[in-house]
Structure formats: structure tokens, C-alpha cells
1. When segment 4-53 is examined, which residues are found to be touching a residue at least 40 places away in the same chain (Cβ under 8 Å), in contact with a helix residue (DSSP H, G or I) (Cβ under 7 Å, 6 or more places away or on another chain) and open to solvent by 20 Å² or more (accessible area, probe 1.4 Å)?
2. Answer yes or no as to whether Ile245 is more than 18 Å from Leu302 (Cα to Cα) and open to solvent by less than 10 Å² (accessible area, probe 1.4 Å).
3. Output the helices (runs of 4 or more DSSP H) that fall wholly within segment 171-265 and possess 1 or more residues being over 24 Å from the mean Cα position of the chain (by Cα) and modelled with pLDDT of 85 or more, or say none.
4. Answer with yes or no whether Gln154 is modelled with pLDDT of 85 or more, open to solvent by 80 Å² or more (accessible area, probe 1.4 Å) and under 30 Å from Lys86 (Cα atoms).
5. Open to solvent by less than 40 Å² (accessible area, probe 1.4 Å) and not in a loop (DSSP other than H, G, I, E, B): which single residue out of Ala94, Ala118 fits that description?
6. Which pairs do you get when a residue that is surrounded by fewer than 11 Cβ atoms within 10 Å (Cβ to Cβ), found in segment 138-149, comes within reach of a residue that is outside any helix (DSSP H, G or I), reach meaning Cβ atoms under 8 angstrom, with the pair 6+ apart or on two chains?
7. State which residue is nearest to Arg292 (Cα to Cα) when the search covers only segment 322-335 and only residues that are at pLDDT 90 or above and either open to solvent by 40 Å² or more (accessible area, probe 1.4 Å) or of a type in the set (Asp, Glu) (or both).
Amino acid sequence: MKLKFAQLAQNLQSSLQGCYWIAGDEPLQARDAADMIRQATREAGFSEREVHDADRQFNWDILHHAASSMSLFSDKKLIEIRLGSKPDDTARKALIEYLESPPEDTILLLQTPRLDAAATRSKWFQSIEKHCAFLPLYDIDPGQLNDWLRARLQRYQMSATPDAIRLIAERTEGNLLAADQEIEKFYMLFGAGSELDLDAVSQSVTDNARFNVFALIESCLAGNTAKALTTLQRLREEGNELLYILAMVARELRQLLAMKVQMEQGSPMGSVLKSFRVWGNRQQAVEAALQRHSKQSLSRLLAGLHAIDAGAKGLRPGDTWATLEKLVTSLCTNR
């Protein structure tokens, strides 16, 4: 069964297939499609996940073991196999044998580069495709890019004027991953509910200092200590205002603490993230921070930030930048 990218969400809502095959070189659509499939399978109870990068030496017997080793007491499983090229003879044989009688408690997710026309007309492809939801990915046509940008902004609950849309399209030159990163930056700068105009888009590109503060926060949330400290050092060397950095980090800590309180009161993480409008790529980093920290550790970090703020205002002695480095490390690691 062949699916278009735009059809995937509805297909996943109606029923899950035993196999999904994502074929394409456009990285953002490939990532989004895989994420949608993972989320749908998790919600359907496929709580176990195996990921394999298949090279020429890959042992395809794992499919045979998956079909024969699951028991009534095993978790449902999602098996992901990522191939750097189209399937060779060994892979084709293993896939066809597996898909002719797949286990009910396992879903297979294949990811390959784009297939040429000759491959899609081959007998081996048809033997696999008839058991799969096949999702070929294509680059967005330049004439459709503006509509794609509007739809992407809507995912972040944002909009933009026609002139702003055209400027984003010009600066990203059809690179969807770059466009998504720009939109995520706009979301961090302006927030949900914003309408971007030409001035806002133009200014955000030159407002590197402000964006670097957001990059610092995102690194802290994701637990990337080295990147966070490097970004903080760059902000210091460029003469950025310490109080502004403290205010932005404090805002993030307060939101994390509020989310953690709701979670400890019994709210599931998914609904908490939704209520705080945490969308897109940022969701994974926020989830990591919430899993890493407790309500108590976040409260300690917030108190430490207030102490640094007092030092920056001359109310307490000490090296405020050095103290902030320690706090950033603690936010990244919970140590």
C-alpha cells in the first residue's frame, strides 16, 4: 500500500500496519514520519523498541528471531531497521520471508534512501510493498513551499504575513530542515499565537545574541553540558548582559518546576507538555529535563539563580559568571 506523507497521520489513526517503509532522502519528512509512527505504536501498546543500522554485514536473522521468540508475556515491539542503500538480495529475502507471516505483536519500520523507478517496478519490491505501508518522500515543489511554511507555522500555533513567508522561503532556499529550525527559533523568540511580519523575520536573523541565549537554554534542557558551557562562554565574551541571561534561564526553570508539580500530582507528561504548549523538536529536550530533575532539584536551581542575580546586582560577593557556569552544569546533569 502506497501512502503520501500527508496521508500518514490519518492512516495511523484508523489502523496500524504490520510494516511501514519510509523511502526518501529529505531528512525532515523522514524524521517526522518516523516520529509519527513511533508515537502511534507507543499509544497502541508497543512499548518495546529495537533499532538496527543495517550494513552489508547485518544479520537479518533478527527478523526470524522476532517472529519466533515473542510469547504471551512479552511486550509488543517496534523493530526499526535503517538501511544506507536499497535492500540487497539477502535483505530482500529476509524481508519477504518475514512479511509473509509476521508476528501480531511486532511492527517493522524500514527506513531507506529514495528508490529509483526501476526498483519500484521490480518483483522483489512488489513482494515487499504488498505487505507494507510504503511511504516515498519527495522534496517539496518550490511552488508549494509557501503553503508548507504556513502549515509548519500552524504546528507551533503561529502565523506569518505573505512577505514574511516569502523571506523565510528565500533564506532557507527550499531546505525543509533549515526552515523548520528557523520556525522553531521564531517560536522561542515570539511564542505561540504570534504573527510574524517582515520586520520580525528580518530582525530575528540579526539578533544572534538573543538567539544564543535560547540556544544555551535548549542545550541545558537536552543535557548537553559541553555545548551549554561553550555557548555561555561565547555570550560572556561578546559582552552580553548577564541579567538578561539570568531572566531567561529563570523563566525556563519556573516553567519546568510548574510542569514537574503537575506531573507529581498525577498528570501524564504528554498532557502536561500539551498544556504548556511544548511543541516540535523542543518536546524531546523538555522531556529529558523533566525526567532528569525532581521538583526539589529544580527548586534548588531556581534559588541558586536568585543568588546569582543578587550578585550581579552587587548585593552579594563572588564571581557571578563562574557561579552561573556551575548552575548550568547542574541543570544539564542534575549533579
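The values are calculated or read from the model by the stated rules, or taken from the named source; none is laboratory data. Given the structure is predicted, the values throughout are model-derived calculations rather than measurements. Cβ placement follows ideal geometry from the backbone for every residue including glycine, while neighbour counts extend to all protein chains displayed. Accessible surface is based on the protein model in full, side chains and every heavy atom, while ligands, DNA and RNA are left aside. Shrake-Rupley method; radii C 1.70, N 1.55, O 1.52, S 1.80 Å.
1. Within segment 4-53, Phe5, Leu16, Pro27 meet the criteria.
2. On the way: more than 18 Å from Leu302 (Cα to Cα): no; open to solvent by less than 10 Å² (accessible area, probe 1.4 Å): yes.
Criteria not met by Ile245.
3. Details: elements: 176-190, 198-206, 208-222, 225-237, 242-264.
The helices (runs of 4 or more DSSP H) meeting that bar are 198-206, 225-237, 242-264.
4. On the way: modelled with pLDDT of 85 or more: yes; open to solvent by 80 Å² or more (accessible area, probe 1.4 Å): yes; under 30 Å from Lys86 (Cα atoms): no.
Answer is no for this residue.
5. Values: Ala118 fails: open to solvent by less than 40 Å² (accessible area, probe 1.4 Å).
Result of the check over Ala94, Ala118: Ala94.
6. Matching pairs, first to second residue: Pro142/Gly174.
7. Looking at the filtered set, the residue picked out is Thr329.
Yes/no per residue for (1) farther than 19 Å from Pro87 by Cβ; (2) out of contact with any Ser or Thr (no Cβ under 6 Å at 6 or more places or on another chain):
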{"position": "Leu99", "(1), (2)": "no, yes"}
{"position": "Ile107", "(1), (2)": "no, no"}
{"position": "His131", "(1), (2)": "no, yes"}
{"position": "Leu137", "(1), (2)": "no, yes"}
{"position": "Asp141", "(1), (2)": "yes, yes"}
{"position": "Ala169", "(1), (2)": "yes, yes"}
